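Novice: Below is one structure. I have some questions about it.
The values are calculated or read from the model by the stated rules, or taken from the named source; none is laboratory data. Just so we're clear, the structure is a prediction, and the values are computed from it rather than from any experiment. With ideal geometry, Cβ positions are generated from the backbone for all residues, glycine too; neighbour counts draw on all protein chains shown.
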Amino acid sequence: MKADRVEIKFPAPAVLNLESQFAHILTDEAINFLVTLSDSFESRRQQCLLDRSRKQRYIDNRKALYFACSSLAIGQEDWKAAPCPAEIEKRQVEITGPVDAKTIINALNSSADVFMADFEDSSSPSFANMLSGQANLYNAVRRHLKFTDKEGKNYSLKADAKTVLMVRPRGWHLEEAHILIDGKPISASLFDFGLFFFHNAKELISRGSRPYFYLPKLETHLEARLWNDIFNLAQDLLGIERGTIRATVLIETIVASYEMEAILFELKDHAAGLNAGRWDYIFSLVKRFRQHPSKVLPDRSELTMEVSFMQAYCRRLVDIAHRHGVHAIGGMSAFIPNRRDAAANKLAFEQVAQDKRREANQGFDGTWVAHPDLIAIARQEFAQVLGERSNQKERVLLDTERVKPEELCYMDKVSLKVSEIGARLNIEVSLLYLSAWLAGRGAVAIHNLMEDAATAEISRAQLWQWLKHSALMTNGERFSRKLFRKYLREEFNRLLQEQTHKEQSHYLQQARTILEKVVLRQGFVEFITTEAYAYLLDNETTNIKSQTIMNTQQENQEEAQSHNEIISEAALMEAEWKVQERWQGIKRPYSGEDVMRLRPSILPDCNLARHGCELLWQRMHTLPQVIALGAMTGAQAVQMAKAGLQAIYLSGWQVAADANLAGQTFPDQSLYPSNSAPALVRRLNSALMRHDQILNLTGQGSTDCYLPIVADAEAGFGGPLQAFELMKQMIEAGAAAVHFEDQLAAEKKCGHMGGKVLVPTSQFIRTLAAARMAADIMNVPTLIVARTDALDATLLTSDIDERDRPFIVPGSERTSEGFYRVKGGLDAVIARGLAYAPYADLVWFESSRPDLEEARLFAEAIHARYPGKLLAYNCSPSFNWKKNLDDATIARFNSELGKMGYKFQFITLAGWHAVNLSAYKLSQEYALEGMPAYVRLQEEEFALADQGYSAVRHQAEVGAGWFDRLLLSITGGESSTTALSGSTESEQFHDQKK
């Protein structure tokens with residue numbers, strides 16, 4: 001059974017009893033259905049998320065967005081979506097809310113045309129909430145749902161209720177951590193959709209309805225195509241006719257606003273409409289244009305639907321929806337009535353009426369409200385425009401009126417007002433919403449507005465954006481870290497005084513930690529809810545009341561030392577270590593305060609290292625494997641980037657042989673100056689930067705030019721202090737990852753030499769801790785790779801560590817140097833790998849031959865104790881590959897290793913062997929033939945031009961054109977000494993094919 005591959009992680013079963021309570025939801029048949037969906041589509045989901053990162057880099061590089069067209073739509077300009085089912089022809093008022101029983105009953109009993117049951121932004125995704133939501137909808141579909149509140153009031157569904165049910169699953173970026181398939185979390189989208197569809201699709205059809213969905217957070221038409229394929233497979237599996245499902249897409253990202261027509265086309269057989277999700281849309285604008293100073297947005301209160309880019313967004317959405325025959329649904333009006341405050345009530349009604357009047361006049365066919373009391377007001381405003389009509393889908397723009405691409409992000413006339421009030425409000429809303437979300441509530445009334453995750457996202461995103469670009473405030477100050485911390489401390493303390501329960505204080509403290517972390521982090525956090533999810537999971541399994549005393553003590557201590565920057569930063573750092581996925585399973589023998597005490601007041605700029613390690617981490621978690629070659633020159637690094645490799649390896653062997661600061665040729669025995677490898681890292685990064693600059697002359701440069709560099713730190717060139725300094729130099733030079741080996745530095749040998757001397761396991765762990773401390777002090781999440789040479793090493797410096805004693809040769813005499821004799825082998829390798837795993841991001845054992853079975857045994861042993869631990873493998877030139885393996889095994893070697901978890905695979909000496917072979921062949925042929933030998937090389941270079949090779953134009957390749965542009969810029973375009981103009985290269989190499 002497929003269910004055998006699934007682990008369901010129930011939190012606190014003694015308290016919640018979720019397993020028995022929801023056994024009718026998590027049946028084996030339903031789980032098998034989920035596994036089938038996941039097996040079929042998870043890899044495509046991951047690719048879509050990777051494409052989002054690529055799109056972000058595209059936008060970061062100031063490249064313009066354009067209207068996308070589905071490749072499938074070519075020649076079908078007049079296409080229409082599938083006909084609208086009769087029961088949703090009229091969608092003038094839709095009410096939305098979370099999936100608790102009371103909300104569902106009240107919404108379905110209301111006079112709204114549609115109720116959107118929301119597993120996403122208005123729900124807090126605790127497992128109890130998600131499962132109870134599925135159970136509530138299961139009962140609602142069958143008209144069995146009932147609820148009794150704390151006061152004894154009973155709620156049940158009316159027999160004649162006509163409101164149509166639609167369901168919004170969570171977005172593609174989210175995972176359901178409680179359902180593991182082969183050890184990995186299932187997509188939250190597939191979990192929410194799959195369970196609802198499996199249990200309710202046929203029941204809905206039997207009752208004269210059908211399954212309806214809202215699709216959130218889509219960015220591209222390929223993501224829509226993914227949903228369409230999921231719909232088709234799901235319908236096929238249950239024997240339901242394709243096209244039965246209908247879905248409305250929330251256009252709530254800036255990228256989707258450019259691709260909405262292609263998105264709609266991909267879903268045309270299942271499409272029911274487009275919806276304008278305004279707050280998430282504005283959040284997306286901040287997120288995607290985060291590197292653009294010209295796109296800084298003002299206070300949230302200034303961002304009305306009247307600003308030009310929001311009007312363009314609405315006009316385009318209505319036009320696209322109507323041209324292709326589907327509904328255009330307006331966004332949420334967050335105002336909610338307050339039955340205890342007549343003035344607030346009157347204001348809410350007026351604001352909602354005004355908002356809905358605008359939408360009806362813009363051409364929308366319906367709208368969203370957050371409260372049943374607002375349904376009549378919204379319906380009245382649409383009735384005044386539509387009269388007796390169900391919708392106004394006939395309303396489209398003339399060709400001359402259609403929105404232009406630049407209008408969607410034109411912000412030049414937007415107010416630049418950034419105020420203290422606006423900043424404090426963003427902080428307050430973020431804290432209040434997050435604390436409620438962590439307590440299990442996803443829809444929260446704040447200042448007579450119904451807020452959900454979208455509001456928290458835009459609030460914290462604006463704070464980050466203002467900080468990033470030092471926004472000038474109306475009080476004359478620049479928004480700064482110091483100012484943010486001041487406002488945060490004051491708002492937190494004020495809210496803390498208003499809390500009536502200690503549990504609320506606990507959640508508020510967590511909210512503060514999360515907000516401070518995401519706002520102050522140098523890189524933009526894609527979604528705050530993914531950061532907060534780890535805390536939510538922790539809260540599920542923690543007795544909150546038992547922790548309240550400890551948390552209160554911590555709060556009091558932090559309050560007493562609120563001006564102590566070190567304590568504050570240390571607490572934030574340790575919280576991040578605890579909950580951030582990046583640090584799960586990583587041990588540190590020191591505290592956050594230790595790091596802060598040792599950190600300088602001004603840190604060096606380590607953007608290259610930070611970019612590299614974050615990119616490498618992402619690639620190792622999204623690609624089957626990352627393969628790399630060893631580079632020893634800047635030119636080799638550039639060619640690797642052009643040729644499509646995902647990373648670069650920097651080998652200590654190559655540094656010793658021909659790339660060290662001593663200018664000597666050495667064997668791989670740590671004979672060269674210790675700063676040679678950092679110098680080479682810097683050299684490779686400089687070459688990649690020049691490559692980027694050259695491409696930028698024609699607008700083609702991007703951060704993709706900067707491949708992550710994994711650098712060899714040998715055995716650390718000494719003890720932990722020397723390892724610390726070397727690691728620091730590597731980070732300053734821009735290394736993404738650094739590896740250390742467990743040999744004695746003074747006797748260090750290449751992994752494929754004899755005479756290797758191991759240090760005790762505990763001593764090498766000190767080296768790893770020193771490297772981690774250096775990365776923490778530099779505030780860069782550099783990856784640390786732990787290599788063991790225990791497979792073939794025969795000597796050990798000391799028997800001090802009991803973990804090493806089983807491998808000391810019994811009865812053997814110590815060597816003349818005093819070393820112990822040890823037996824190597826796989827058991828020794830595994831023992832050390834298990835000891836190092838908690839202190840390293842990747843583990844690598846140096847092998848003596850290419851052996852997949854040996855690699856499998858090592859991987860299984862590591863993963864049995866540390867599931868998911870990343871592994872590295874040296875596909876060494878020291879192996880005679882053809883002697884050891886047949887061609888078929890060689891062809892699948894990388895992919896087989898990748899399946900085992902060896903996510904980083906590299907050929908250490910590729911650069912050295914490539915340059916020696918090519919130099920020898922050219923020299924040999926030139927000695928025999930003269931010029932024909934070189935011309936053949938040049939012709940081969942010309943032939944590769946179509947594949948991206950450009951080094952045949954060597955002057956341009958190293959930046960002559962870039963420096964010409966620099967000279968012309970400096971001289972105002974008046975210079976007679978530019979280099980490429982008049983060069984033989986410009987005259988003879990302008991067409992590389994000839």
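Novice: Residues Met310, Met305: which one is assigned to a loop (DSSP other than H, G, I, E, B), surrounded by fewer than 24 Cβ atoms within 10 Å (Cβ to Cβ) and of a type in the set (A, V, I, L, M, F, W, C)?
Specialist: After applying the criteria, what remains is Met305.
Novice: Taking the range 432-454, which residues are crowded, with 19+ Cβ neighbours inside 10 Å, hydrophobic (A, V, I, L, M, F, W, C) and farther than 26 Å from Ile254 by Cα?
Specialist: Leu432, Ala436, Leu438, Ala439
Novice: Restricting to the range 313-328, give me the number of residues that are small (Gly, Ala, Ser) and assigned to a loop (DSSP other than H, G, I, E, B).
Specialist: Qualifying residue count for the region: 1.
Novice: Here are some residues: Leu885, Leu967. Which one is out of contact with any Cys (no Cβ under 6 Å at 6 or more places or on another chain) and not assigned by TED's automatic domain parsing to the domain that holds Val738?
Specialist: Leu967
Novice: Does Glu401 satisfy the condition of being of a type in the set (Asp, Glu) and either at pLDDT below 95 or outside the structural domain of Arg288 (by TED's automatic domain parsing) (or both)?
Specialist: Here the answer is yes, as Glu401 does meet what is asked.
Novice: Here is a follow-up. How about the range 955-982: which of its residues are part of a loop (DSSP other than H, G, I, E, B) and closer than 20 Å to Leu695 by Cα? Before the answer, list the steps.
Specialist: Within the range 955-982, the first condition is being part of a loop (DSSP other than H, G, I, E, B), and the residues that meet it are 958-959, 971-982.
Scanning the range 955-982 gives Val958, Gly959, Thr978, Ala979, Leu980, Ser981.
Novice: Give all pairs with beta carbons closer than 9 Å in which a residue from the range 38-55 that is within 11 Å of Glu223 (Cβ to Cβ) meets a residue that is aromatic (Phe, Trp, Tyr); count only pairs at least 6 apart in sequence or on separate chains.
Specialist: Close Cβ pairs (under 9 Å, with a partner that is aromatic (Phe, Trp, Tyr)) amount to Arg45/Trp172; Cys48/Trp172; Leu49/Trp172; Arg52/Trp172.
Novice: Further question: What are the residues in the range 215-264 that are assigned to a strand (DSSP E or B), of a type outside the set (S, T, N, Q) and out of contact with any Asp or Glu (no Cβ under 8 Å at 6 or more places or on another chain), if any?
Specialist: Leu215, Arg246, Ala247, Val249, Ile251
Novice: Can I ask one more? All but one of (1) touching a Lys or Arg at 6+ places or on another chain (Cβ under 9 Å); (2) modelled with pLDDT under 90; (3) surrounded by 23 or more Cβ atoms within 10 Å (Cβ to Cβ) hold for Glu457, so report the exception by its number.
Specialist: The failed condition is (2).
Novice: Any chance you could count how many residues in the range 720-747 are modelled with pLDDT under 95 and part of a loop (DSSP other than H, G, I, E, B)?
Specialist: Qualifying residue count, the range 720-747: 0.
Novice: Name the residues in the range 136-193 that are surrounded by fewer than 16 Cβ atoms within 10 Å (Cβ to Cβ) and under 28 Å from Asp538 (Cβ atoms), would you?
Specialist: Lys150, Asp182, Gly183, Lys184
Novice: Restricting to the range 1-59, name every residue that is aliphatic (A, V, I, L, M), farther than 22 Å from Gly440 by Cβ and either at pLDDT below 90 or part of a strand (DSSP E or B) (or both).
Specialist: Of everything in the range 1-59, those that are aliphatic (A, V, I, L, M), farther than 22 Å from Gly440 by Cβ and either at pLDDT below 90 or part of a strand (DSSP E or B) (or both) turn out to be Met1, Ala3, Val6, Leu50, Ile59.
Novice: Mind telling me which of the residues Ile627, Ile709 ends up being under 21 Å from Arg57 (Cα atoms) and β-branched (Val, Ile, Thr)?
Specialist: Of the residues listed, the single one that is under 21 Å from Arg57 (Cα atoms) and β-branched (Val, Ile, Thr) is Ile709.
Novice: Residues to consider are Arg610, Arg597, Arg619; find the one that is part of a helix (DSSP H, G or I) and loosely packed, with under 15 Cβ neighbours inside 10 Å.
Specialist: Working: Arg610 fails: loosely packed, with under 15 Cβ neighbours inside 10 Å; Arg619 fails: loosely packed, with under 15 Cβ neighbours inside 10 Å.
Matching residue, one of Arg610, Arg597, Arg619: Arg597.
Novice: Cβ contacts < 8 Å: first residue in contact (Cβ under 8 Å) with a residue 24 or more places away in the chain, restricted to the range 742-756; second residue among the aromatic types (Phe, Trp, Tyr) and assigned to a loop (DSSP other than H, G, I, E, B), any location; separation 6+ or different chain. Result?
Specialist: Matching pairs, first to second residue: Ala745/Phe717.
Novice: Also: Pick from the range 704-749 the residues that are in contact with a Pro (Cβ under 8 Å, 6 or more places away or on another chain) and surrounded by fewer than 23 Cβ atoms within 10 Å (Cβ to Cβ): which of them is farthest from Thr767 (Cα to Cα)?
Specialist: Selected residue: Glu732.
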